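Report on one structure; see the data block that follows.
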Amino acid sequence: MSYLDNQINAFKSNLTSSSAKLSNKRTAAAPTTSTPSPAPSHASASTKNELKRKRPEQTHVVYSQPADTGTGKNVMTQITYAVDYLKTKGTPQTLQDLLSYLSLQYREDDYKRTIGTILQNHEKISFDRTGADGLGTFSFRPIHNIRSPAQLLGHLQSQPTAQGLNVRALRDGWPGAEDAINQLESQGKLLVTRNKKDDHAKMVWPNDPSLRFHIDDEFKSMWHKIRLPEAGALAEELEREGLTPTNKSRVVRAKPKMLEKKTKKPRKSGKTTNTHMVGVLRDYSHLKK
């Protein structure tokens, strides 16, 4: 029995050691931190909102067009801003005034001289060497050197022809041109045509008082008593006379083609080969029907 007892004790000891090893493995596999319990629904919603707020806003940048970042760094960009400044200012400016406006007064002298040389040769700029006590001044050169109602009337009257003046060309050097045109039109000194879309002035002509003629009231009444024919009646009258109105396309009728009768050509006789019997044979071709 001692042998059996030893076997039973050995089996029990193996079971005890095996169970201890399994418990140690489970303890090592378990996480060191416990899973937090879920927060209430309002807390999770606030957390989501905070995460959404922290996301940077995406700005849609259009790379096909350069952004207006001020006066710019390129020389020709500086010239463009200088021309616009002279156009809006309306008074002569020195080179130092323009450099101060462009924030270039602290640049090197070569750069300043380049700006001045380009402005002197610019087609939209007039340079006066005697201006500002010999320093020289720059002014905008418009299409028409007109900046007042008196100059406008004088320019229109001095024209050799009755050609009108474009209002857009006037606004190039005179921002208040349209207000002055409206005032002169109300005074009867200008004839103005306007755009149908926005009613802005388009072309102007002088309203010469010497071309005004008095018309008797009797003639006016006779003129208004003349009854014009209706549009449909006039078209019918033209068609009756064989004329086609301009708003209708003329239909050209093709003449019927006459079929020509084909005439039967006489049959040609074959070549005579028996010439040696000319005196013997007779000709009976006249007996053919």
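The values are calculated or read from the model by the stated rules, or taken from the named source; none is laboratory data. Everything numeric here is computed off the predicted structure, so don't read it as measured data. Cβ atoms come from the backbone with ideal geometry, glycine included; neighbour counts cover every protein chain shown. Keep in mind that these areas ignore ligands, DNA and RNA; they rest on the heavy atoms of the full protein, side chains included. Shrake-Rupley method; radii C 1.70, N 1.55, O 1.52, S 1.80 Å.
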>> If the requirement is being open to solvent by less than 80 Å² (accessible area, probe 1.4 Å) and out of contact with any Phe, Trp or Tyr (no Cβ under 9 Å at 6 or more places or on another chain), which of these qualifies: Gly134, Gly116, Gly164?
In response: Gly134
> Taking region 268-287, which residues are open to solvent by 100 Å² or more (accessible area, probe 1.4 Å) and at pLDDT below 70?
Replying inline: Lys268, Ser269, Lys271, Thr273
> Of these, Gln65, Gln105, which one is at pLDDT below 55 and open to solvent by 50 Å² or more (accessible area, probe 1.4 Å)?
Replying inline: Gln65
>> Take the conditions surrounded by 11 or more Cβ atoms within 10 Å (Cβ to Cβ), under 32 Å from the mean Cα position of the chain (by Cα), modelled with pLDDT of 80 or more and not β-branched (Val, Ile, Thr) and apply them to Gln78. Does it pass?
In response: yes
>> Tell me the residue from Gln159, Gln93, Gln183 that is open to solvent by less than 70 Å² (accessible area, probe 1.4 Å), at pLDDT 90 or above and more than 18 Å from Met76 (Cα to Cα), please.
In response: Gln93
>> Against the condition in a helix (DSSP H, G or I) and open to solvent by less than 20 Å² (accessible area, probe 1.4 Å), how does Ile146 come out, does it pass?
In response: no
> Which is touching a helix residue (DSSP H, G or I) at 6+ places or on another chain (Cβ under 9 Å) and outside the structural domain of Thr91 (by the TED database), of Leu191, Leu234, Leu238?
Replying inline: Leu191
